[in-house]
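The values are calculated or read from the model by the stated rules, or taken from the named source; none is laboratory data. On a predicted model such as this, the values are computed, not experimentally measured, just so you know. Here Cβ is always computed from backbone atoms with ideal geometry, including for glycine, and neighbour counts include all displayed protein chains.
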Amino acid sequence: MRLSPLVLALGLLAAPASAQDTPQKMLDMARQVRAQAEQLRAHLSPEDYADMLAQAAQIEQDVRDGGFSAPVAREPVTLSKRIADAHQGRLDWLDGEAACVGYGWENHRTFVSNYGDPERDRLCRKAFAHFETYFRITRDGAGAGEPHLAAYDEAARAAVDYYAARRR
């Protein structure tokens, strides 16, 4: 039976990776790799045994060099994530608002409302036009659609605010 030393080491990485004292946990992992190498020595080829010991030594060297002491960088929050988080996972959140009932990014050019409020129609069309542009740019991979998503979010908020003010 031939066991891959790398598979064994990777299996040991899962628990220490989330620990608070990462350098100490990595040293503990190196000790575990050495102990497993000794336990499996009879089943390992001399090369695999040497690889496991070399991996343990490399982990210990990386700890001495400070390789596990740097804080983990946080992923920046994108505009699309922020909008989705604020609106139950939806980027096209205006679809769920009463301000622009009937409108959507697919029909904003042709939909005719019976609101009798040209400003409301203008705001809804503007918002969905921005979302359509964002969608097409993102779908086609033609570049950064974030500015259009930002314009959609701003225009959608304007439509919702206008609708709320008119209802008072």
Looking at (1) surrounded by 14 or more Cβ atoms within 10 Å (Cβ to Cβ); (2) within 30 Å of A164 (Cα to Cα), which one does A98 not meet, given that it meets all the others? (1)
Which listed residue, of D140, D85, D95, is without any contact (Cβ under 8 Å) to a residue 12 or more places away in the chain and within 13 Å of A156 (Cα to Cα): D95
Determine which member of the set R74, R109, R34 is at pLDDT below 90, among the charged types (D, E, K, R) and touching a helix residue (DSSP H, G or I) at 6+ places or on another chain (Cβ under 8 Å). R109
Kindly indicate whether any position in segment 108-125 is over 19 Å from T78 (Cβ atoms), in contact with a Lys or Arg (Cβ under 6 Å, 6 or more places away or on another chain) and surrounded by 15 or more Cβ atoms within 10 Å (Cβ to Cβ). yes
What number of residues in segment 31-82 are farther than 30 Å from G145 by Cα and in a loop (DSSP other than H, G, I, E, B)? 13
